[in-house]
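One structure below.
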Amino acid sequence: METEAIEAVASHSDFSLFSLLMAADPVVKLVLLALFLASVWSWIVIGEKFFKLGALKKASREFEEAFWSGRAGEIDMRPGQGGKDPASRVFISAAREWSDAGRPVASTGEAAALVSRAERSMRAAVDREVARASAGMSVLATIGSASPFIGLFGTVWGIMNAFLNIAEQQDTSLGTVAGPIAEALFATGLGLIAAIPAVIFYNKFTSDVTKLADQLDTFSQDVLVRLSRRASDAGGK
């Protein structure tokens, strides 16, 4: 008899996902909406960072090839001009120190001071490029860490509603608890759906930015070696 009663209730209840969401508690609806928006936001950031970091790495490699082949002198050194990728902007920061000197290096001390200024300028440029490449990644970190807990809150709220329904109706049948339990489980699932891609791509982009930073550091050291040699030659004359 009890089985027949459960089947009768289930047959007269609409347990489709859409109907359950429409009948969900307002707090659970708010949680689900927040998680949905967080998931959309994270995918927007993922798409933007994926193409941007790929383009930055490609452009930097192309500039380094041009630099070592002797074509870096074609770059426009005026402020706001010529820097189309991280490597070229790092190089320009050092090249401007040389051009701003305005006269040949007269002594070894002046050469060392020039190289020191160029080194500080390039370090600041590398830091700016890394910060620029990392922009938006805090969004992924926040969504990846917060979404499971937001979903857990929706889960707890839905289970609490299920127990309240049981207490109110004095009935433990499927029709009494199915809706709140389904809401609770859906909140958990949506929290994971929002968090997992954010965490995966945050780790990937962090690795990409670290590689870009290492690449720029290596390039800046190579530029400094060349600049130091040139300044030393000029100061020794």
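Laid out as a table, the results:
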item: Over 20 Å between alpha carbons, listed pairs K49/K84; K52/K211; K29/K49; result: K29/K49
item: Protection proxy ranking, peptides 130-138, 35-43, 85-93, average beta carbon neighbours within 10 Å, highest first; result: 85-93, 35-43, 130-138
item: Estimated vicinal HN-Hα couplings, Hz - the range 211-224 in sequence order (Karplus 6.51, -1.76, 1.60; Gly, Pro = x); result: 5, 5, 4, 5, 4, 5, 4, 4, 5, 5, 5, 5, 5, 5
item: Label-to-label distance, nm, for residues given as L192 and R128 (7 Å Cα→Cβ offset); result: 4.5 nm
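Bear in mind that the values in this text are calculations on the coordinates, not laboratory data. From a predicted model like this one, the values you see are computed outputs, not experimental measurements. Backbone-built Cβ (ideal geometry, glycine too); neighbour counts: all protein chains shown.
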